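This report concerns only the one structure given below.
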Amino acid sequence: MSDPIAFTEAQRCVLVHVLDDIIPASADGRLPAAGQLGAADYLDRSLGALPELKAMIAQGIDALDALARRRDPRGLDGLSADERTAVLAEHAGSEHSFPPILIMHTFAGYYQDPRILAVLGMAPRPPHPEGYEMDPGDLSLLEPVRRRGKLYREC
């Protein structure tokens, strides 16, 4: 089934700037910014299951692009970092601002990327079924819960 609301190439270019603003590159250069990593691909795929949300984000991208093009015909690409920040701030205060869930989807795509997991010292694989090694915990901390006894009724 094809995605009826796939982001256009122009929207993807704007989205890269937005994602780079949500998760910028680390100061030491080890971690790339979200847009440069390719998180727009993840968003395009994952938001396909949420067409209303994807349409809202697409409208926000178009509104942001229009704001940027009022300052420079090349859009966000033609603006300095300070100008981009000002345009993003102006957009955030508008009726077309991005919903906060965009941040959650950005983080989900970014921190599932095998390249990021490898930099963080984690195995670039899903956590299940193998799980992750954990240090043994202090199970004596559960003693007050055990002493309390059962707090539910049998069905």
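What follows draws every value from the coordinates through simple rules; no lab data is involved. Predicted, not measured: the structure shown is a model, and the values here were computed from it. Because the Cβ atoms are built from the backbone with ideal geometry, glycine has one as well, and the counts that use them run over all protein chains shown.
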query = At 20 °C and 1.002 mPa s, what whole-number value in µm²/s does Stokes-Einstein give for the translational diffusion of the chain, with Rh from the Kirkwood sum over Cα pairs?
reply = 117 µm²/s
query = For helix 51-71, what angle does its Cα long axis make with the longest principal axis of the chain, in degrees from 0 to 90 and rounded to 10?
reply = 40 degrees
query = Which one of 105, 91, 128 has the biggest mean-square fluctuation once the chain is modelled by GNM with Cα springs under 10 Å?
reply = 128
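Under a Cβ-Cβ cut-off of 10 Å, what is the net charge of the residues other than residue 11 that fall near it, where Lys and Arg count +1 and Asp and Glu count -1? Could you put the intermediate results ahead of the total?
On the way: positive: 12; negative: 9, 44, 62, 65.
With Lys, Arg at +1 and Asp, Glu at -1, the neighbours total -3.
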inquiry  = Only sites in a loop by DSSP and with at most 14 other Cβ atoms within 10 Å count here; which GluC sites (Glu not before Pro) in region 65-155 make the cut?
reply    = 95, 130, 133, 154
request  = Can you list which of the trypsin sites (Lys or Arg not before Pro) found in region 72-138 are DSSP loop residues with at most 15 other C-beta atoms within 10 Å?
outcome  = 74
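With each run of n ≥ 4 DSSP H residues scored as -39500 (n - 2.57), what mean residue ellipticity at 222 nm is computed for the chain after dividing by its residue count and rounding to the nearest 500 deg cm²/dmol?
Roughly -16000 deg cm²/dmol at 222 nm, from the helical runs in the chain.
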Degrees, to the nearest 10: 9-22 long Cα axis against longest axis of the chain = 50 degrees
note = the chain, Gaussian network, Cα under 10 Å: of 78, 93, 137, the residue fluctuating most is 137
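What net charge do the residues around residue 81 carry, taking every other residue with its C-beta under 14 Å from that of residue 81, with Lys and Arg at +1 and Asp and Glu at -1?
Values: positive: 71, 84; negative: 20, 21, 72, 77, 82, 83.
That works out to -4.
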ask   = log₁₀ I(q)/I(0) of region 1-93 at q = 0.10, 0.12, 0.16, 0.22 Å⁻¹, via Debye over equal Cα point scatterers, no solvent, to two decimals?
value = -0.27, -0.38, -0.67, -1.13
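Test of understanding: given the chain, find the longest segment containing no chymotrypsin sites (Phe, Trp or Tyr not before Pro) that are in a DSSP loop and have at most 15 other Cβ atoms within 10 Å. List each step's numbers first, then the result.
Details: sites that count: 132, 152.
Result for the longest clean stretch: 1-131.
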query = What are the ³J(HN,Hα) values, in whole Hz, obtained from phi via the Karplus relation 6.51 cos²θ - 1.76 cosθ + 1.60 with θ = phi - 60°, for each residue of region 85-97 in sequence order, with x given for Gly and Pro?
reply = 4, 5, 5, 5, 5, 4, 5, 4, x, 9, 5, 9, 4
ask   = Given a Förster radius of 30 Å and the C-beta distance between residue 70 and residue 104 as r, what FRET efficiency does 1/(1 + (r/R0)^6) yield to the nearest 0.05?
value = 0.50
ask   = Most fluctuating residue of 101, 22, 61 in a GNM of the chain with Cα springs under 10 Å: which is it?
value = 101
